[in-house]
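Q: Sharing a structure, written as structure tokens. Questions coming.
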Amino acid sequence: MRNMLKRGNSYSVRFNVPEDRRADVGKVFGAKSGMKDEIVRTLGTRDYREAVKRRDAALAAIRKEVNAKLTDANLPPLHGDYVPNWWAAPEKAVEAGLHYKKQIDQASEAYEPCEGIVPGTIAEGAPTSEKEHIRAVVADLVLEASEKLPPAEGLRYYNTVMGIAEGQETPLEPLAERWLADARRLVSNGLLKRHRRVLAIFLEYLDSVGVARVVQKVDKRQARRFREWLIAQGKEANTVNSYLSSLRSFWTWLDDAGEVSDSNPWSGMSGGLKKLAKKDAKARGEKRPFTDDELLLLLKGQPSSRQRAQMIKDVFRLGLLTGARQNELCSLTRGRVVVPDDPAELWGVEVTEDVSKTENSVRTIPLHPLAREIVERRLKDCTSQLDGDLDASLFPECPPGGEDNKRGWTFSKDFLRYRKAVLGDEGNGTDFHSTRRCFSTFMEVARANGVTACTDLVIDHLIGHKAERLAANTYAAKQLDWSLYSEAILGMVEKGMSEKVRAAMLDESQKEAR
């Protein structure tokens, strides 16, 4: 029932005003809202077949009337072949489909059939309910819009809008917002922002290849082509892998929510990317521990920032002596310092769940006397400022920042500048994480030099990794005796570090004591 509607028992014709001219037509017709999106005129008949005969002449008369009024107002007439560039954009098609679907869903099933309609005649198929009527009107509108486009674009536009309006296709954006709202309670802000960024890039890809933004159009072929598109855009293998991981998680959620029934098109799509990542890493220089010469330069150097110089030096040394991550160290508070009752035992620092990277990262690390001196000095400073406050920060120079509001965010920028200033291009392949690589190296050297406490399980516990062996990660105790960890830390410094690095550590400690 294209361009027709039924009002009461009579049929009327509906002339759709082009969207870009609604303000002009509203002006010449004196519309109260200032906009006029349609003009409706009665066809003067209750008979459906007669209404169809009169429709085209009525539409032509309305167009002529509109053009006359526009001309009188010194405005250009309507041109039926004009369509704005954005008309058939995929996002507009999805938007239109959702709008029309809402109208159809809200329509009533109760509606009297047209009078005089006899089943089996030419008028069979006329709407028998308000919902059927709205659906027919929507089909007219969408068909009219699609006919103004090049054939391929018009067909894609029509199929997308009608597929969504009739509930046969499901747009991605509303589902993505539901997924992100769910994920907000489970993942970090940084990961949430990555998910949102990946979705935006994926929608950009769908638009670029002319694929509708609907769930049903995303299959294995499109998933593979998206991967290839990312690589062609110059994305590195690890980045591509992270994008695919986000979309794989989204489709897993869609499956759990009952929105899809097919297999996850992103499963297995990361194959081969690890090998590509290794090639990329070799080209850039693989991540590695600091050499002894680099450690000496960093231990003896002086950061340019006077305000944060001591903080940079303290966190760096603690990283070498504990193997902790930068945010774990920068987030230390008065309450996370463990002072044993027995003065002969080593002090410790706790890495709590709120700052740990994984479940295995929650741990307590013994402090070598060189590390204790740093923590004890920091503890006195924060105690004097906030006496009795267990949440007082040991590193107030590191305010929270970044997407996840972490204290390590501030330190990472300061340390990056310091490392580059001291090591220059020679430091390629290193970062703060290289202190953890050094810690692991010191432990292995100490074990080779006879420190029996430096076992695989002890090292895994201290550095916060999940043990690889089943016997260790499933059956062994999650917490060993404190004396065993302490022996490993003491042995690491005495028999794992080179003499010149250990001497430089002692020198820095003595300077501070003076």
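The values are calculated or read from the model by the stated rules, or taken from the named source; none is laboratory data. Source: prediction; values computed, not measured. Reconstructed Cβ throughout: ideal geometry from the backbone, glycine too, with neighbour counts over all protein chains shown. Just the protein is used for accessible areas: all its heavy atoms, side chains included, with ligands, DNA and RNA removed. Shrake-Rupley method; radii C 1.70, N 1.55, O 1.52, S 1.80 Å.
Q: Between 0 and 90 degrees, rounded to the nearest ten: what's the tilt of helix 309-322 against the longest Cα principal axis of the chain?
A: Between helix and principal axis, roughly 80 degrees.
Q: 7 Å from Cα along Cα→Cβ at both Asp255 and Lys279: what's the point-to-point distance in nm?
A: According to this spin-label approximation, the distance is 3.0 nm.
Q: Mind giving me the nanometre distance, one decimal, between the label points for Glu345 and Lys27, set 7 Å out from Cα along Cα→Cβ?
A: 8.4 nm
Q: Helix 220-232 versus the longest principal axis of the chain: what is the Cα-based angle in degrees, 0 to 90, to the nearest 10?
A: Value to nearest ten degrees: 60.
Q: Now for a separate question. Mind checking the stretch 397-469 for GluC sites (Glu not before Pro) that DSSP puts in a loop (not H, G, I, E or B) and that have at most 10 other Cβ atoms within 10 Å?
A: Glu468
Q: Kindly flag which residue pairs out of Lys217/Lys274; Lys300/Lys420; Lys193/Lys406; Lys300/Lys500; Lys6/Lys64; Lys27/Lys69 have an alpha-carbon separation exceeding 18 Å in this structure.
A: Those over the limit are Lys217/Lys274; Lys6/Lys64.
Q: So for the chain, averaging the separation of alpha carbon pairs under 8 Å that are six or more residues apart and normalising by length, what relative contact order in percent results?
A: 11 percent
Q: Once you sort the root eigenvalues of the Cα gyration tensor of the stretch 130-240 as a ≥ b ≥ c, which label holds: rounded (a/c under 1.5), prolate (a/b larger than b/c) or oblate (the other case)?
A: oblate
Q: Can you tell me the length gained on complete extension of the stretch Glu177 to Thr71, counting 0.36 nm per residue apart and subtracting the Cα distance?
A: Going from the current span to full extension adds 33.5 nm.
Q: Using modelled backbone amide H atoms (1.01 Å from N, in-plane), which distant-in-sequence or interchain residues come within less than 5 Å of Met4's amide H?
A: Arg14
Q: Over the stretch 421-465, what percent of the accessible surface lies on carbon and sulfur atoms, probe 1.4 Å?
A: 50 percent
Q: Using θ = phi - 60° and the Karplus relation 6.51 cos²θ - 1.76 cosθ + 1.60, list the HN-Hα couplings for the stretch 186-197 in order, rounded to whole Hz, with x at every Gly or Pro.
A: 10, 10, 6, 4, x, 5, 4, 5, 5, 4, 5, 5
Q: Next up: Using just the helices of the chain, give the 222 nm mean residue ellipticity in deg cm²/dmol: DSSP H runs with n ≥ 4 each add -39,500 (n - 2.57), and the total is spread over all residues, rounded to 500.
A: The per-residue figure over the chain is -17000 deg cm²/dmol.
Q: Now for a different question. Averaged per residue, what accessible area in Å² does the stretch 275-412 show with a 1.4 Å probe, protein chains only?
A: Here the per-residue accessible area is 52 Å².
Q: Return the long-range amide H neighbours of Val338 (sequence gap of 5 or more, or a different chain), with a cut-off of under 5 Å between placed amide H atoms.
A: Gly348, Val349, Glu350
Q: Within the stretch 296-337, whose backbone N sits under 20 Å from a point 7 Å along Cα→Cβ of Ala421?
A: Of the residues in the stretch 296-337, 296-319 have backbone N under 20 Å from the label point off Ala421.
Q: Distance from a point 7 Å along Cα→Cβ of Arg221 to each backbone N in the stretch 186-207: keep the residues under 16 Å and list them by number.
A: Only 206 pass the distance filter.
Q: Two decimals is fine: what's Rg over Rh for the stretch 215-293, C-alpha atoms, Kirkwood radius as Rh?
A: Rg/Rh: 1.14.
Q: Also: Multiply the residue separation of Leu155 and Leu186 by 0.36 nm, subtract the distance between their alpha-carbon atoms, and state the gained length in nm to one decimal.
A: So the extension gain works out to 7.1 nm.
Q: Right, here's the next one. Extending each Cα 7 Å along its Cβ direction at Glu403 and Asp20, get the distance between those two points in nm, one decimal.
A: Taking the two extended label points, one gets 3.8 nm.
Q: Would you mind checking the stretch 309-339 for residues with the amide N under 13 Å from a putative spin-label position 7 Å along Cα→C-beta of Thr364?
A: 336-339
Q: Once you have the Cα-Cα distance between Leu484 and Gln510, take 0.36 nm times their residue separation minus that, and quote the gain in nm to one decimal.
A: Computed gain between Leu484 and Gln510 is 6.6 nm.
Q: Something else now. What FRET efficiency comes out for His433 versus Gln168 if R0 is 56 angstrom and r is the Cβ-Cβ distance? Round to the nearest 0.05.
A: Calculated value: 0.65.
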